[in-house]
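Asker: I have a structure here, written as structure tokens, and I will follow up with some questions on it.
The values are calculated or read from the model by the stated rules, or taken from the named source; none is laboratory data. In this text the structure is predicted, and so the values were computed from the model without any measurement. Please note: Cβ atoms are built from the backbone with ideal geometry, for glycine as well, and neighbour counts cover all protein chains shown. For accessibility, only protein heavy atoms count, side chains too; no ligands or nucleic acids. Shrake-Rupley method; radii C 1.70, N 1.55, O 1.52, S 1.80 Å.
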Amino acid sequence: GWLPNAMGENAWQQHGRTVQAHVGTGELTLSWEVGAPRVIGLARLPRLLVSFRFTGLDDAQRYSFMRRFDLYMQRGGG
């Protein structure tokens, strides 16, 4: 449910566990898979392994997108 807000005003489409997005003048391919949970004593913490592939964006554009995206991904301390 967090993905629409994390993507902001960028147009995007989801296909299974992959998202294709237009970010500024470039594109982003975002994909994810469920990772093995982290186990600390009796606690089991779920993990989501996320991959970002940017094309046609400079460092400043990537940073701007990731800053917003990271804020929406943080749960319980990051």
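Asker: Write out, first by first residue and then by second, each pair whose Cβ atoms fall under 8 Å of each other, whose residues are 6+ apart or on separate chains, and whose first residue, in the stretch 1-18, is touching a residue at least 40 places away in the same chain (Cβ under 8 Å) while the second is charged (D, E, K, R) and open to solvent by 60 Å² or more (accessible area, probe 1.4 Å).
Answerer: That search, which allows pairs on different chains as well, returns 6/68; 8/68.
Asker: Is there any pair with a first residue in the stretch 53-70 that is at positive phi and a second that is surrounded by 14 or more Cβ atoms within 10 Å (Cβ to Cβ) and not in a strand (DSSP E or B) whose Cβ atoms are under 9 Å apart and which are 6 or more apart or on different chains, and what are they?
Answerer: 56/24
Asker: Within the stretch 15-37, restricting attention to residues that are of a type in the set (A, V, I, L, M, F, W, C) and within 10 Å of residue 53 (Cα to Cα), which residue is surrounded by the most Cβ atoms within 10 Å (Cβ to Cβ)?
Answerer: 28
Asker: Then there's this: Picking from 71, 3, which residue would you name as being of a type in the set (A, V, I, L, M), open to solvent by 80 Å² or more (accessible area, probe 1.4 Å) and out of contact with any His (no Cβ under 7 Å at 6 or more places or on another chain)?
Answerer: Residue meeting the stated conditions: 71.
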